[in-house]
1. Using a 1.4 angstrom probe on heavy atoms only, work out the carbon and sulfur share of the accessible area of the chain in %.
2. Here are some values of semi-axes √(5λ) of the Cα gyration tensor in Å: (i) 47, 16, 13; (ii) 27, 20, 19; (iii) 32, 23, 17. Which one was computed from this structure?
3. Which whole-Hz ³J(HN,Hα) couplings does region 14-30 yield from phi under the Karplus relation 6.51 cos²θ - 1.76 cosθ + 1.60, θ = phi - 60°, glycine and proline marked x?
4. Normalised by the residues of region 1-115, what does the relative contact order come to in percent, with Cα pairs under 8 Å and at least six apart?
5. When the solvent-accessible surface of protein heavy atoms is calculated with a 1.4 angstrom probe, in what order do 218, 212 fall, highest first?
6. With the contact rule set at Cα under 8 Å and sequence spacing of 6 or more, what percent relative contact order holds for region 55-140?
7. Express the accessible area of region 1-69 per residue in Å², computed with a 1.4 Å probe while the remaining protein chains stay in the model.
8. For each pair in 63/222; 4/237; 166/196; 116/204, compute the distance between the two Cα atoms and list the pairs where it is over 18 Å.
Amino acid sequence: MLLKLEDLSLVESYWGLTTLPEGKLLINTINAHSYNTAQKDKLFAEALHRGDVLIPDGASIVKACRWLNAKSKPRERIAGWNLFELEMNKLNKIGGKCFFMGSSEKVLALIKQRAKVEYPQIEVETYSPPYKPEFSEEDNRAIVEAINKANPDLLWIGMTAPKQEKWIYTHWGELQIHCHCGTIGAVFDFYAGTVKRAPAWWQKHSLEWCYRLLKEPRRMWKRYIIGNLLFFWNICKE
């Protein structure tokens, strides 16, 4: 297996997020879908394994860690949204600059608009990369230069997994930043309001995946129905 859950170091509770050190830190999330994807994508597996911080963004990950008696035994699911709110509130208290890289100009404009009201002490800069499966060398250089020029106090990458994790991992050494960086894909759409997040009841009962499946069955059935069975099979192999 390319990625073993029992070998990973995971943040074990929400409180653990509040104690992360300052400075340049790469924060990724893992759920059943990304775990499955990493089994057939070596670079993605490496990116998840070698990032600085890994968050269990899925009840299935939390349960599987206990079942496997893994090195890390998270006590709760920590969503990318939890990380986003925590970091944004922290930065808003002291003031600073936040950079959103990814998604469309429309989504980024909506993020800027909402952040201006909710986080008035944060200056928001954005960058919408070209919409294509793979970036050219020129594309990559332009993104890196834009981030370095902004010199943010907080960096968010939102291009869906595994593209976002592989991109930031590959270019991490070129980024002259001093801040936390989180790969939070869907949070861009949730915060912009272009995709509705599951209501609190569904989240509390670990059914956010089911809500998304009911909302977008055509797009999500493979990920959640086939994917959940595959996750169970992969965990059995571990």
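1. Details: 6650 of 12370 Å².
Ligands and nucleic acids excluded, carbon and sulfur give 54 percent.
2. Among (i) 47, 16, 13; (ii) 27, 20, 19; (iii) 32, 23, 17, the one calculated here is (ii).
3. So the J values, rounded to whole Hz, are 4, 4, x, 5, 6, 9, 5, x, 6, x, 5, 9, 9, 10, 10, 10, 9.
4. In percent, rounded to a whole number, it is 31.
5. From most accessible down to least: 218, 212.
6. 25
7. Per residue, region 1-69 has an accessible area of 45 Å².
8. Long pairs (Cα-Cα over 18 Å): 63/222; 166/196; 116/204.
The values are calculated or read from the model by the stated rules, or taken from the named source; none is laboratory data. Because the structure is predicted, anything quoted here is derived from the model rather than measured. We work out accessible area using only protein heavy atoms, side chains counted, and drop any ligands, DNA or RNA first. Shrake-Rupley method; radii C 1.70, N 1.55, O 1.52, S 1.80 Å.
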